[in-house]
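Following: one structure in structure tokens, then a few remarks.
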Amino acid sequence: STWYTLDAATGKLLKTTTFPFKKMDDPAIDGAGNIYAPARKDNLILKLDSKTLKESARWQVPCNVSKTRWQASTKRIIAACVGDNPQMFSVDPATGKVSATVAIGPSIDGIGMDEKRKRIVTSSNDGFVTVIQQKGPDQFAVLGTVTTRVEARMMYMDERNGNLYFVT
């Protein structure tokens, strides 16, 4: 996997960084200089320095992690994975430990987080949305699975009102 660092003001390519992984997916940024990058086929989350992209930690996770999001209110990495046992989980970045898991629909293509209502939603290409209630930093409960149209996987959550928008 190759990452490209661009100058935000000019769009100029500053550097490329190659990692020895087959597939890396959506990273999470904590606003404190860290990037949490999933290495899907290797069941890893990497902690990278946002300026240098140097790896400072690597954590084994229970599945093929493909999505990560930073949750500032709990200081947790929220992640989800594909494979035989699709699940969403939280990781404590102080220890790298998976602190909670919950089963989700058949795959994962998107994660939306509603901080106001303490809900997390995952979407999948297979036409399912899993709605999860967050009861604490490391406590989750599935509220239900909603059927959508197949390929309605790309989603946006309006954080003001909790509405979800899907594209097919």
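The values are calculated or read from the model by the stated rules, or taken from the named source; none is laboratory data. In this text the structure is predicted, and so the values were computed from the model without any measurement. Positions of Cβ are generated from backbone atoms using ideal geometry, with glycine treated the same way; all protein chains shown enter the neighbour counts. The accessibility values were calculated without ligands, DNA or RNA, using every heavy atom of the protein model including side chains. Shrake-Rupley method; radii C 1.70, N 1.55, O 1.52, S 1.80 Å.
Sequence-distant contacts, meaning Cα pairs under 8 Å at least 6 residues apart, place the relative contact order of the chain at 11 percent. With each label modelled as a point 7 angstrom along the Cα→C-beta vector, the Ala103-Gln60 pair spans 2.4 nm.
Whenever you get a sec, compute what percent of the accessible area on the range 32-123 sits on carbon and sulfur atoms (1.4 Å probe).
Values: 1720 of 3780 Å².
Answer for the range 32-123: carbon and sulfur cover 46 percent of the accessible area.
With Cα atoms defining each centre, the range 81-137 and the range 1-37 are spaced 23 Å apart in the structure.
Of all aspartates and glutamates in the structure, the ones whose alpha carbon falls short of 14 Å from that of Lys41, not counting any fewer than 8 places away in one chain, are Asp25, Asp26, Asp84. In terms of Cα atoms, the Rg and Dmax of the chain work out to 15.9, 45 Å.
Straight-line cross-link partners of Lys75 among the lysines, defined as a Cα under 18 Å from its Cα and at least 8 positions apart when in the same chain: Lys47, Lys67, Lys97, Lys116, Lys118, Lys135.
Stretched out straight at 0.36 nm per residue, the stretch from Thr147 to Asp7 would grow longer than its current Cα-Cα span by 46.3 nm. What the chain shows is 53 Å² of accessible area per residue, with the surface traced by a 1.4 Å probe over protein heavy atoms.
Computed over the range 52-106, the range of Cα coordinates on each principal axis works out to 35, 24, 16 Å, biggest value leading.
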